[in-house]
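Okay, structure first, notes after.
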Amino acid sequence: MHGSVDGESEDLLAHVLLPVANENDALATATALEPYRPSNVTTLHVVEKGEGVPDKTPVVQSEEIARGSYAAVRTVFPNADEHTAYARDIVGTIFSAADEVNASAIVYRSRGGGRVMKFLSGDLSPKLVTNADRPVIALPHVDTNE
């Protein structure tokens, strides 16, 4: 996949940032990305840190989830880098992490569900795809039970 920025050709998959929520999500997302053969993958897990309000899960537990997520991605991409961020603003943190690792694109896999479920779960996809300063690639959501 190649894109053009100001007339210069750029490989969109040169260095992708792969935000993941947990081990199952990480494995499913990495598996969906595998056929596209990115050159470099950095897996991102955002630990939701309270900023003055109670944390959703204890930080130690969230860090364990991050480690499991990184291990799951490495079953598909053994050389994947890892990046852990601590913040409440998930989308803003994804953008900051993309800057920090100099990602060519942000790649994610929708978690599915109907409109009501997405609304209730705070679906981040609209913010991610409309506010990004670099390409955002939404991977196909493939049901592995088919």
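What the table below lists for this structure:
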| quantity | calculated |
| --- | --- |
| Conditions (1) modelled with pLDDT under 95; (2) in contact with a His (Cβ under 8 Å, 6 or more places away or on another chain): number failed by D6 | (2) |
| Members of region 58-81 that are in a loop (DSSP other than H, G, I, E, B) and either exposed (fewer than 13 other Cβ atoms within 10 Å of the Cβ) or β-branched (V, I, T) (or both) | P58, T75, V76, P78, N79 |
| Long-range neighbours under 9 Å by Cβ, at least six apart or interchain, first residue more than 16 Å from V20 (Cβ to Cβ) and at pLDDT 90 or above within region 118-146, second in a helix (DSSP H, G or I) and among the charged types (D, E, K, R) | D133/D99; R134/D99 |
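The values are calculated or read from the model by the stated rules, or taken from the named source; none is laboratory data. The model shown is predicted, which means the values in this text are computed figures rather than measured ones. Backbone-built Cβ (ideal geometry, glycine too); neighbour counts: all protein chains shown.
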